[in-house]
1. Give 137, 147 a once-over and let me know the one that is more than 22 Å from residue 223 (Cβ to Cβ), surrounded by fewer than 16 Cβ atoms within 10 Å (Cβ to Cβ), modelled with pLDDT of 95 or more and more than 14 Å from the chain's Cα centre (by Cα).
2. Taking residue 97, is it in the same structural domain as residue 188 (by TED's automatic domain parsing) and basic (Lys, Arg)?
3. Which condition breaks for residue 224 when tested against (1) crowded, with 17+ Cβ neighbours inside 10 Å; (2) assigned to a helix (DSSP H, G or I); (3) touching a helix residue (DSSP H, G or I) at 6+ places or on another chain (Cβ under 7 Å)?
4. When you scan the range 198-207, do you find a residue that is in a helix (DSSP H, G or I), touching a Ser or Thr at 6+ places or on another chain (Cβ under 6 Å), at pLDDT 95 or above and surrounded by fewer than 22 Cβ atoms within 10 Å (Cβ to Cβ), even just one?
5. Give just the number: which of (1) out of contact with any Asp or Glu (no Cβ under 9 Å at 6 or more places or on another chain); (2) at negative phi; (3) basic (Lys, Arg) does residue 75 not satisfy?
6. If the requirement is being at pLDDT 85 or above, out of contact with any Lys or Arg (no Cβ under 8 Å at 6 or more places or on another chain) and over 25 Å from residue 235 (Cα atoms), which of these qualifies: 165, 128?
7. If a residue counts only when it is under 16 Å from residue 209 (Cα atoms), which helices (runs of 4 or more DSSP H) contained entirely in the range 125-196 have at least 1 such residues?
Amino acid sequence: MISLPKRSPSGHSSSALHRQIIQELGSRIVGGRYPAGDSLPNEEVLCAELQVSRTALREAVKVLGAKGLLDSRPRIGTSIRPVKAWNMLDADILAWRCRHDQDQGEELLRQLSEVREIIEPNACLLAARNRTPAELADVESAYMAMAASENIQDWVKADLNFHVAVLAASRNQLLIPLSTVISSALEMLLSFSARRASNFKKALPDHGKVLEAIRAQDERGAFVSMQKLLSDTRARLTRR
């Protein structure tokens, strides 16, 4: 049962309830309580169990459908979609999978790191070639924030901004949107990697080498520096 938050004039209670329903149903689906191929319990059952309105439930189902978890059809009902249809880069789905199966979650993070190794070294090469002074300043600003961070949360935020700034500096209009698509999942990966390191700032010198290569417009150096940085990140993910 979901505990209903108190109403507030600002309407935040409605938003909080909506989020709670999404979290509860999404966690049940990813955790296997509602297996792929099965139908979601009907609205009457779920509304009674969760103590929510049909409107609130339907809105949550729409969100989970957009994440690839559910398929709703008039007069047929709502079914759980196959795992291969889920948006694995969605931050919620990644978090639910990590929560229910640590090994599975870590495997997904490892695969995300592999995707980064395919994309980011080449994006970094382009950043060294194409960056403007303003874009270089964004990379520098993120690096300085990493150096000044005093806790993991600040480090991860600055680290994420660093990689997003590098993608933006590539000036490739097809690469830039990737930062929006994977940013939430990447934030989880960076946090996980930082916690695996003996010192969460251990990767700062490697980020510095990436920055220097972009500043010097050294395309090869930028590619190699980013490749090493990401390889070390993946190595920390596999270290127990």
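1. Checking each option against the conditions leaves just 147.
2. no
3. Unmet for residue 224, out of (1) crowded, with 17+ Cβ neighbours inside 10 Å; (2) assigned to a helix (DSSP H, G or I); (3) touching a helix residue (DSSP H, G or I) at 6+ places or on another chain (Cβ under 7 Å): (3).
4. Here is the first cut: in the range 198-207, the residues in a helix (DSSP H, G or I) are 204-207.
With the extra rule that they be touching a Ser or Thr at 6+ places or on another chain (Cβ under 6 Å), the set shrinks to none.
No; the residues of the range 198-207 include none that is in a helix (DSSP H, G or I), touching a Ser or Thr at 6+ places or on another chain (Cβ under 6 Å), at pLDDT 95 or above and surrounded by fewer than 22 Cβ atoms within 10 Å (Cβ to Cβ).
5. (2)
6. Working: 165 fails: over 25 Å from residue 235 (Cα atoms).
From the options 165, 128, the qualifying one is 128.
7. Details: elements: 133-148, 152-169, 178-196.
Once the helices (runs of 4 or more DSSP H) in the range 125-196 are filtered for at least 1 residues that are under 16 Å from residue 209 (Cα atoms), what remains is 133-148, 152-169.
Quick grid of which residues meet (1) surrounded by fewer than 15 Cβ atoms within 10 Å (Cβ to Cβ); (2) in a helix (DSSP H, G or I); (3) modelled with pLDDT of 90 or more:
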| residue | (1), (2), (3) |
| --- | --- |
| 29 | no, yes, yes |
| 45 | yes, yes, yes |
| 62 | yes, yes, yes |
| 89 | no, no, no |
| 97 | no, yes, no |
| 106 | no, yes, no |
| 109 | no, yes, no |
| 113 | no, yes, no |
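The values are calculated or read from the model by the stated rules, or taken from the named source; none is laboratory data. It should be emphasised that the depicted structure is a prediction, and the values quoted were computed from it without experimental measurement. Please note: Cβ atoms are built from the backbone with ideal geometry, for glycine as well, and neighbour counts cover all protein chains shown.
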